[in-house]
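The block underneath contains the structure these notes are about, expressed in structure tokens.
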Number of protein chains: 2
Amino acid sequence: MKPEALDEVLAELRISLERDDLNKAIAIIEALSPADQADLVEVLDSPDQLALFAHLDPADSADMLEEMENQEAAALAELLSSAQLADILDEMEDDEAADILGDLPAEKVSATLREMEEPKDVIPLLRYPDDTAGGLMTRAVITLRPGWTANDALTELRRVGPRSDSTYYLFVIDEQEKLLGVIGLRELVTAPVETRIADLMWTDVVSVIVTTDQEECALVLSKYGYLALPVVDEIGRFVGVITADDLIEVAEDEATEDMYLMVGITGEERAFDPARQSILKRLPWLAINIVTLFIAISVVDAFEAVIAGMVALAVFLPVVSGEGGNAGSQTATVIVRGIALGEVGPRDVMRSLTRELRIALVNGVVIGLGTGLVVYIWKGDWRIAVAVLLAMILNFLMAAATGVLIPLGLQKMKVDPALASAAFVTGFTDTFGFLFFLGIASLLM
Amino acid sequence: MKPEALDEVLAELRISLERDDLNKAIAIIEALSPADQADLVEVLDSPDQLALFAHLDPADSADMLEEMENQEAAALAELLSSAQLADILDEMEDDEAADILGDLPAEKVSATLREMEEPKDVIPLLRYPDDTAGGLMTRAVITLRPGWTANDALTELRRVGPRSDSTYYLFVIDEQEKLLGVIGLRELVTAPVETRIADLMWTDVVSVIVTTDQEECALVLSKYGYLALPVVDEIGRFVGVITADDLIEVAEDEATEDMYLMVGITGEERAFDPARQSILKRLPWLAINIVTLFIAISVVDAFEAVIAGMVALAVFLPVVSGEGGNAGSQTATVIVRGIALGEVGPRDVMRSLTRELRIALVNGVVIGLGTGLVVYIWKGDWRIAVAVLLAMILNFLMAAATGVLIPLGLQKMKVDPALASAAFVTGFTDTFGFLFFLGIASLLM
């Protein structure tokens, strides 16, 4: 539904709630898709949310809760009684139920699990962090044995079908629960009924381990074009699958996180979070940047006498440092993104460095010559122009080197390369930009 | 396969090719998954690629070509003969075949289509750009009629099954080809054979139009948790589906594009593209930034006399402008990403502006006070300290305003907000940073 239409429905819903006309409110909600319901209910106050959930069908509540943002869903789940929450979680896919329980306090979790009908599929999932394969997978998967016929498999499917609603692949395992192969439901349905599963299955299957990072899972799935990715535990037993739709969200979230980290916003921030939260997420980075800026200006301070002798130098300081920072951000972004997409790794240091230094040399010379020429025409002083030219070339090379080495170095130290790269790189290009420019200028005077 | 293992296989493959031992080379290739094959063949020279493709089975060639990067696949496809290419495309899903044809010259396309066995599913797809729903969808979908029974549907499935390998949903259409509903293959298989399709299908289906942008498709699919997204044409006829695995790649690519645009890299760039290409992709932006930097330093130039009177002012110029730029990048990134994820739009201008100005005021006062204090302790001149404090607060507010208004303004003008936002915002924070600082300083002198 378009945001404008949703706003109208929201207004209508609020009116019904103010009038305590819960039947009307429920009718409004039930006319929407779960995703739209979630958008709407998220913005209501807690008492209104609770009133609605007390009257909604647990299955509908489950669909809606699945669609809500993690934070919002957790806040609401915490307000519901354990019995109420258990009814809702019983209707959910087990990976989603585990995600919601994972955000609740331990007492609430155990109370809710006690009230649930089938907590046994959910409990193992609580062991894995949300952002790993184990946290993303569902255990509601249909498994077959290689010796069965297609007909046996269809019988099994009819028996357990309704409980397994997350995938259209069937997984073939042996007695030790090792994954032997996969069959698409379509191949199964169209095969002659007596065909053996072992002859139908596709054995060249790529799987991930429960501890695999979610970003890696998204890359594997998109590389191999699967709609569901099998997950095995540490000793190779098949334990569940991750479906493609969950991994699109992962790809979006990881990209957002990296973009935010590159400008120094740590942790999730959405465009309409309360301002207070955002202040604290952005402040630490601004403080770190002030420190790097002070290091950089201490260079300018050391050259105060040179600047006093020729004040025009002060005018061109921002050009050398700023443009170096821009070139460095380009390099750092390409490397950081390459690391995130699994295309650049520790063994690519020399290759990346050679490539980026070549780019920097050409762009540094082109931009440096252009800028130097303009400076000469403007100020009529060849010494300033030459200082700008040489400082820019050197600073572009510095930008390329730090833009490659800092992200790859952070990766080696197991720090997210997106986090600190931009700040460190511009720290270097500011400091060395000033040093190159004022150093060369004072030599030429 | 791990990159290290793949390197070993590559070395082995190269040795066989040098010895003209094609049987060995083919055996090496065929032992790998298509995705790994593609990684390997991409890095070979064209003559080696052609030698391999002349001996590979068309179906294997098709799998491999599908997995290759667009650029690489197009380059190779152009070298193959039309007959050879047609054999390969016949084995491909029609959306993939259309993607490859879409990157070739018109003559090659028509020659290849003439040689293909069933070009009729591919031709309509050539009308749509790669980055729209029409370009991403496959037409190999199974459609049912509402009056059929489950048994009729299974019969149809067995008849057309092998040709439709892309989805596990079946789509119900009426005589005008309007989409009536969807059935999961599992529900169909587990339903009693005489159940009517109309009673099995789920009618509350969200679809996209052929012209819908790919980014929007990814958002819709992940919002509703589908594994396949139905596509309709301009007059509402059902024409195909997009599968979730294709949209993960879209989410990754769009995020990469936005990250690149924010630092002024236009067009696709991969970490190991030839340096020459990257130089040209990065240079225009660096040139534009030089122009904004010259605008900013013309402000400094106008205050040359003030700086000559107190050279210490030159030292603190980069602090005010640089920190304003950092704050502005944070705001612009949150807004640009919010627009990309469909969370922020034209109607959110006032809401975003209020929020960002509040954040900027608090962070500006905190950072400004801290910086002003250090400046006072360092230089012992309260006028510089006060100028730094006030200029920083004003520049943070400028950063917040431009960080909101520029991306939303660009969106309104149908320009990708990621493209120019960062440069414009830092252009403003540089220029006004200098102006605020030097202006206030000269008033205080």
Helices (runs of 4 or more DSSP H) contained entirely in the range A:76-134, each with at least 1 residues that are touching a residue at least 40 places away in the same chain (Cβ under 8 Å): A:94-102
Please go through the range A:191-225 and give me each residue that is under 20 Å from B:ALA31 (Cβ atoms) and in a loop (DSSP other than H, G, I, E, B), ordered by number. A:MET201, A:THR203, A:ASP204, A:VAL205, A:VAL206, A:SER207, A:GLY225
Subset of the range B:241-257 [in contact (Cβ under 8 Å) with a residue 60 or more places away in the chain, part of a helix (DSSP H, G or I) and more than 7 Å from chain A (Cβ to nearest Cβ)]: B:ASP246, B:VAL250, B:GLU254, B:GLU257
Is at least one residue of the range A:7-29 over 30 Å from the mean Cα position of the chain (by Cα), without any contact (Cβ under 8 Å) to a residue 24 or more places away in the chain, assigned to a loop (DSSP other than H, G, I, E, B) and within 11 Å of another protein chain (Cβ to nearest Cβ)? no
Looking at A:PHE238, A:PHE294 in this structure, which one is of a type outside the set (Gly, Ala, Ser) and in contact with a Pro (Cβ under 7 Å, 6 or more places away or on another chain)? A:PHE238
Answer yes if at least one residue in the range A:165-184 is crowded, with 22+ Cβ neighbours inside 10 Å, part of a helix (DSSP H, G or I) and within 12 Å of chain B (Cβ to nearest Cβ), and no otherwise. no
Is one or more of the residues making up the range B:54-68 touching a residue at least 24 places away in the same chain (Cβ under 8 Å) and of a type in the set (Ser, Thr, Tyr)? yes
Taking the conditions exactly as written (of a type in the set (Ser, Thr, Tyr) and more than 22 Å from A:LEU280 (Cβ to Cβ)), does B:THR402 satisfy them or not? yes
Check whether at least one residue in the range B:300-309 is in a helix (DSSP H, G or I), of a type in the set (Val, Ile, Thr) and farther than 25 Å from A:VAL366 by Cα, and report yes or no. yes
Give the range A:326-370 a look and list any residue that's more than 27 Å from the chain's Cα centre (by Cα), within 8 Å of chain B (Cβ to nearest Cβ) and closer than 30 Å to A:TRP382 by Cα, or say none. A:ARG358, A:ILE359, A:VAL362, A:ASN363, A:VAL366, A:ILE367, A:GLY370
If you go through B:LEU219, B:LEU157, B:LEU188, the only one that is within 22 Å of the chain's Cα centre (by Cα) and at the interface with chain A (Cβ under 10 Å from one of its Cβ atoms) is B:LEU219
Candidate set: the range B:225-266, residues that are among the charged types (D, E, K, R) and within 13 Å of the chain's Cα centre (by Cα); chosen: the one farthest from B:ASP94 (Cα to Cα): B:ASP258
Does B:ILE209 fit the bill of being in contact with a helix residue (DSSP H, G or I) (Cβ under 8 Å, 6 or more places away or on another chain), within 13 Å of another protein chain (Cβ to nearest Cβ) and at pLDDT 85 or above? no
Do we find that A:GLU323 is surrounded by fewer than 17 Cβ atoms within 10 Å (Cβ to Cβ) and facing chain B (nearest Cβ under 8 Å) in this structure? no
Return a yes/no flag: does the range B:408-427 have any residue that is at pLDDT below 95, more than 19 Å from A:MET259 (Cα to Cα) and crowded, with 22+ Cβ neighbours inside 10 Å. yes
Scanning the range B:261-295 for residues that are touching a residue at least 60 places away in the same chain (Cβ under 8 Å), over 17 Å from A:GLU323 (Cβ atoms) and at the interface with another protein chain (Cβ under 7 Å from one of its Cβ atoms) gives B:ARG270
Six or more apart or on different chains, Cβ under 7 Å: which pairs go from a residue in the range B:183-212 that's farther than 15 Å from B:ARG237 by Cα to one that's acidic (Asp, Glu)? Could you list them? B:LEU200/B:GLU187
Which residue out of A:ARG337, A:ARG358 is of a type outside the set (Asp, Glu), more than 21 Å from B:MET262 (Cα to Cα) and part of a helix (DSSP H, G or I)? A:ARG358
For the range A:226-240, which residues satisfy the criterion of being among the charged types (D, E, K, R) and not in a loop (DSSP other than H, G, I, E, B)? A:ARG237
Selected residue (only one of B:GLU343, B:GLU356 is charged (D, E, K, R) and farther than 20 Å from A:ASN289 by Cα): B:GLU343
Would it be correct to say that B:ILE15 is touching a helix residue (DSSP H, G or I) at 6+ places or on another chain (Cβ under 6 Å) and at pLDDT 85 or above? no
Is it the case, given these coordinates, that A:ALA314 is crowded, with 24+ Cβ neighbours inside 10 Å, without any contact (Cβ under 8 Å) to a residue 40 or more places away in the chain and under 27 Å from A:LEU438 (Cβ atoms)? yes
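The values are calculated or read from the model by the stated rules, or taken from the named source; none is laboratory data. Source: prediction; values computed, not measured. Heads up, the Cβs are rebuilt from the backbone with ideal geometry, glycines too, and the neighbour counts pull from every protein chain shown.
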